[in-house]
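A short worksheet on the structure shown next.
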Amino acid sequence: MGHHLDRVPFSGIIRIRDMMYSIENPFRLDQGDVSFDAPDTVKAAMRRAIDENKSHYLQTTGVPRLLELLADKLRRVNRIPVADPDEVMVTTGGIHALYLVCQALLEPGDEVILPDPTWPPCAGNMLAARAVPVGCPVHESLGWRFDLDELESRITPATRAIYINSPHNPTGGVLTRADVERIAAIVQERNLWLLSDEAYEDVIYDGEHVSPASLPGMYERCISVYTFSKTYAMTGLRLGYLATPNSALRERIKKVLFYTCSNVTSVVQFGGIGALEGPQDCVAAFREELKARRDLFYDGIRHHGAGVLTGAAPPGAFYAFLRIDPAWPHEGKGSASWAMAAHLISRARIGCVPGADFGPNGEGYIRFCFARDRRELAGALESMGRAFGTGAISEVAAASSPPPPRLPPASA
Ligand code: PLP
């Protein structure tokens with residue numbers, strides 16, 4: 001394993017994240033972190049857990065009350081036929097859930113088909129399990145969705161699973177119900193697993209979120225992965241969960257869970273209980289504000305991306321994955337997306353991630369996270385305008401942005 005890890009790449013996003021800490025007054029549009037704070041229900045529940053000395057070991061797969069609430073949410077919201085809270089397991093964020101699943105499910109050499117571009121830790125976790133990620137393009141011309149005939153053509157005798165992520169990081173593409181139904185049919189016909197990463201299930205502006213495990217006969221074939229990070233602005237608290245009815249697989253996952261963390265941090269699990277027991281208005285308020293930020297950002301890009309950066313506003317997630325004009329001069333050689341990231345970081349102090357970091361099909365694009373607050377977005381756009389020589393943007397950004405919606409009161 002030691003030497004094998006030398007061949008597993010580190011995420012470029014994390015390299016950029018670490019580098020951005022050395023930039024003065026940066027615009028942090030690089031990582032997928034929202035600028036909101038966790039709701040007060042989460043903070044109050046964590047405070048209470050501390051005061052009540054909930055600082056001891058816990059059940060390996062999660063506090064029973066949290067598992068009960070999650071099973072209920074999966075049944076009610078995702079329409080997944082969870083029979084028992086034991087089918088749910090709490091993890092240290094979604095990334096940990098993906099690690100557990102890859103370790104527990106995959107054999108060396110197993111192929112897993114995944115979108116290209118894709119969130120890098122996803123392929124990294126497959127590689128760490130000695131499996132083989134096989135990219136299948138999602139196409140800008142299809143709203144960053146698969147051509148499903150092409151997806152099917154990627155299946156070989158070594159294919160074990162398909163990984164989907166809708167809404168999608170880095171493009172914001174959302175699979176339609178028809179897409180999910182066709183993927184479900186492929187998975188059933190070809191006897192595959194479906195790994196469904198639903199990290200952005202609550203960040204959809206247009207369209208609907210369809211959990212594949214809700215479709216007839218699919219729960220048995222699906223491992224569904226979720227996180228509190230994006231829905232409740234809990235990125236640093238590290239709370240995620242997964243669901244599968246397959247008890248043999250769960251036994252394996254439980255071992256990896258135990259060996260990697262014994263149990264997920266106690267206080268954070270109580271924070272999760274607070275999030276689920278409290279009113280859910282914050283989820284809709286975050287989404288409404290994210291939509292306004294998306295529109296502000298795309299208005300700004302239209303005026304001051306100087307035609308160098310273009311693309312349609314996405315229906316989901318909170319990333320702008322923008323095409324770089326091939327005529328943009330970048331000293332000729334190498335990756336245009338890395339050259340653009342270097343240009344914007346060094347000249348404009350804007351954190352961003354080169355499309356190439358998400359896979360070969362991402363080359364020629366650059367990703368910005370628009371979940372930052374409006375002032376930071378407007379500042380980044382202004383700075384970008386200067387770097388591209390298009391002048392000031394503040395009036396455009398101010399004119400195009402509606403007033404911020406009121407977030408629910410702190411105690412809600
Ligand atoms: N899946 C995708 C596609 C993501 O983009 C992320 C985070 O950015 C995650 C899963 C996991 O997030 P976390 O580990 O914070 O729960």
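Counting residues in region 108-124 that are over 19 Å from residue 355 (Cα atoms) and out of contact with any strand residue (DSSP E or B) (no Cβ under 7 Å at 6 or more places or on another chain) gives one or more. Restricting 207, 236, 240, 271 to residues that are at pLDDT below 95 and in the same structural domain as residue 84 (by TED's automatic domain parsing) narrows the list to 207. Scan region 20-56 for residues that are surrounded by fewer than 15 Cβ atoms within 10 Å (Cβ to Cβ), part of a loop (DSSP other than H, G, I, E, B) and of a type outside the set (S, T, N, Q) and jot them down. Result: 21, 23, 24, 37, 52, 56.
Would you say residue 94 is within 29 Å of residue 206 (Cα to Cα), touching a Pro at 6+ places or on another chain (Cβ under 8 Å) and of a type outside the set (Val, Ile, Thr)? So residue 94 fails the test. Screening residue 267 on (1) on the phi < 0 side of the Ramachandran plot; (2) not in a helix (DSSP H, G or I) shows it passes everything except condition (2). A single entry from 341, 356, 387, 380 fulfils the requirement of being surrounded by fewer than 24 Cβ atoms within 10 Å (Cβ to Cβ) and closer than 16 Å to residue 27 by Cα: 387. Each residue in region 235-252 was checked for being away from the ligand (no atom under 16 Å from the Cβ) and in a loop (DSSP other than H, G, I, E, B), and 3 of them qualify.
Quickly run through region 217-234 and pick out the residues that are away from the ligand (no atom under 14 Å from the Cβ) and not hydroxyl-bearing (Ser, Thr, Tyr).
217, 218, 220, 221, 222
Of note, residue 86 satisfies the criterion of being out of contact with any strand residue (DSSP E or B) (no Cβ under 6 Å at 6 or more places or on another chain), surrounded by 15 or more Cβ atoms within 10 Å (Cβ to Cβ), over 25 Å from residue 282 (Cα atoms) and modelled with pLDDT of 95 or more. For the residues 107, 111, the requirement of being within 19 Å of residue 244 (Cα to Cα), away from the ligand (no atom under 16 Å from the Cβ) and not small (Gly, Ala, Ser) singles out 107. May I ask you to list the residues in region 314-362 that are without any contact (Cβ under 8 Å) to a residue 40 or more places away in the chain and not in a helix (DSSP H, G or I)? Across region 314-362, the qualifying residues are 325, 326, 327, 328, 329, 330, 331, 332, 333, 334, 335. Could you grab me the full set of residues in region 5-18 that are surrounded by 14 or more Cβ atoms within 10 Å (Cβ to Cβ) and away from the ligand (no atom under 16 Å from the Cβ)? Matches in region 5-18: 8 only. Residue pairs whose Cβ atoms lie under 7 Å apart, separated by 6 or more positions or on different chains, with the first residue in region 175-198 and in contact (Cβ under 8 Å) with a residue 24 or more places away in the chain and the second assigned to a strand (DSSP E or B) and away from the ligand (no atom under 16 Å from the Cβ), are 192/159; 192/160; 193/160.
Going by the structure shown, is residue 112 assigned by TED's automatic domain parsing to the domain that holds residue 265 and part of a strand (DSSP E or B)? When the stated conditions are applied, residue 112 passes them. Yes or no: residue 65 in contact with a helix residue (DSSP H, G or I) (Cβ under 8 Å, 6 or more places away or on another chain), in contact (Cβ under 8 Å) with a residue 12 or more places away in the chain, outside the structural domain of residue 227 (by TED's automatic domain parsing) and surrounded by fewer than 16 Cβ atoms within 10 Å (Cβ to Cβ)? The answer is no for residue 65. Among the residues of region 322-335, are any among the acidic types (Asp, Glu) and either within 16 Å of the ligand (Cβ to nearest atom) or on the phi > 0 side of the Ramachandran plot (or both)? Yes. Where strands (runs of 3 or more DSSP E) sit wholly within region 120-216, those with at least 2 residues that are more than 16 Å from the ligand (Cβ to nearest atom) and within 28 Å of residue 4 (Cα to Cα) occupy 132-139, 159-165.
Would you confirm, using the coordinates I've provided, whether residue 256 is within 22 Å of residue 72 (Cα to Cα), β-branched (Val, Ile, Thr) and out of contact with any Asp or Glu (no Cβ under 7 Å at 6 or more places or on another chain)?
no
Residues checked against (1) at pLDDT 95 or above; (2) surrounded by 18 or more Cβ atoms within 10 Å (Cβ to Cβ); (3) among the acidic types (Asp, Glu); (4) touching a Lys or Arg at 6+ places or on another chain (Cβ under 6 Å):
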{"position": "290", "(1), (2), (3), (4)": "yes, yes, no, no"}
{"position": "297", "(1), (2), (3), (4)": "yes, yes, no, no"}
{"position": "306", "(1), (2), (3), (4)": "no, no, no, no"}
{"position": "312", "(1), (2), (3), (4)": "yes, no, no, no"}
{"position": "318", "(1), (2), (3), (4)": "yes, yes, no, no"}
{"position": "324", "(1), (2), (3), (4)": "yes, yes, no, no"}
{"position": "332", "(1), (2), (3), (4)": "no, no, no, no"}
{"position": "360", "(1), (2), (3), (4)": "yes, no, no, no"}
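The values are calculated or read from the model by the stated rules, or taken from the named source; none is laboratory data. Computed from a predicted structure; not experimentally measured. Neighbour counts run over all protein chains shown; Cβ positions are idealised from the backbone, glycine included.
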